[in-house]
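Presented below is the structure to which this report refers.
Each reported figure results from applying straightforward, stated rules to the coordinates on display, with no laboratory input. What you are looking at is a predicted structure, and each value in this text was computed from that prediction instead of being measured. Cβ sites come from the backbone with ideal geometry, for glycine too, and all protein chains shown count toward neighbours.
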Amino acid sequence: MITFDSWVEHFEANADRHRRTDALIDWTVPSALDDRTRRAIAHSFQRFELGESGDGSHLLSMAEAAGDPTYTRALSLLVAEEQKHSALFARGLEYLDAPTIDSHWTDGVFTALRRLIGLRTEIGLFLIAESVAMGYFVALAEQAPDPVIRSIGRRIADDERNHIRFQIDRLGVGFDGISAPGRLAIGLAWGVVAAGAATVLVVDHRAALHACGVRPAAYWVQAMKSFTIAAKSALAGTKAGFELAGPEAGTIAKFAQS
């Protein structure tokens, strides 16, 4: 049975590392982006800033009800990291001379969906969203045409890889005792949601993807491959003989390169 003590240690250690990393971002460097590219990346950052800004109160209340205080502590630290991502996107928008936004239909739909049933459903939807978006953060980190934007991408991509692994660990625990047909049904349902999420991402963020040299259609295919790796890892569970990932393990190391 997995415990989440190592994840608590991991997230607590991240606080100092984040401060050091964030201090290296040189916000004083003027952006050399042309106006079209600046608007494209700003449009994308506005959506992500809003999506990462939640306080996680609904999720944390369900985690508390599940009765594992160590997991709840780890989850609260993960939520705090997501809020830091929102702050980074907001700082990026300031750098791009663009405002934040107060609402967007995609954020409303995602929030409504993840509150439909319970903790496992909400964590599953987080896994879908993060695995589908992971390639976007990597594209920012490696190919964005601005050093500050690349720094933001590297910082967030580094966190998100471990967030995905953390969600896989928790879902593996949650699926213990679920029959193979049940897992198959869940996986198929997840696949439908992931296809929709990937489609929304490539449509709504296509200009930013182009700015990073990524073709939206190719991104969609790659996002679905990344989701499939993460979903299979989560659904395999302990009964399938799968060793659940911890923060020191490399169970889905190929995820970031998929």
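Overview of values
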{"item": "Residue range of the chain that is longest and free of GluC sites (Glu not before Pro) which are both DSSP loop and sparsely packed (at most 15 other C-beta within 10 Å)", "result": "1-242"}
{"item": "Candidates Gly174, Gly56, Gly196: whichever shows maximal mean-square fluctuation once the chain is modelled as a Gaussian network with Cα springs under 10 Å", "result": "Gly196"}
{"item": "Contour minus Cα-Cα distance for Ala65 and Lys225 (0.36 nm per residue)", "result": "54.3 nm"}
{"item": "Potential extension, Ser57-His210 segment - 0.36 nm per residue separation minus Cα distance", "result": "51.5 nm"}
{"item": "Cα-centred dipole magnitude for the chain, charges only on beta-carbon of K, R (+1) and D, E (-1), debye, nearest 20", "result": "820 debye"}
{"item": "Signed unit charges on C-beta, dipole axis of the chain, positive-most listed residue Tyr71, Leu96, Gly172", "result": "Gly172"}
{"item": "Axial C-alpha extent at least 20 Å, average Kyte-Doolittle at least -1.0 - helices from the chain (DSSP)", "result": "35-51, 69-95, 119-143, 147-174, 180-204, 216-236"}
{"item": "Virtual spin-label span in nm between Arg36 and Ala87, 7 Å along Cα→Cβ", "result": "3.6 nm"}
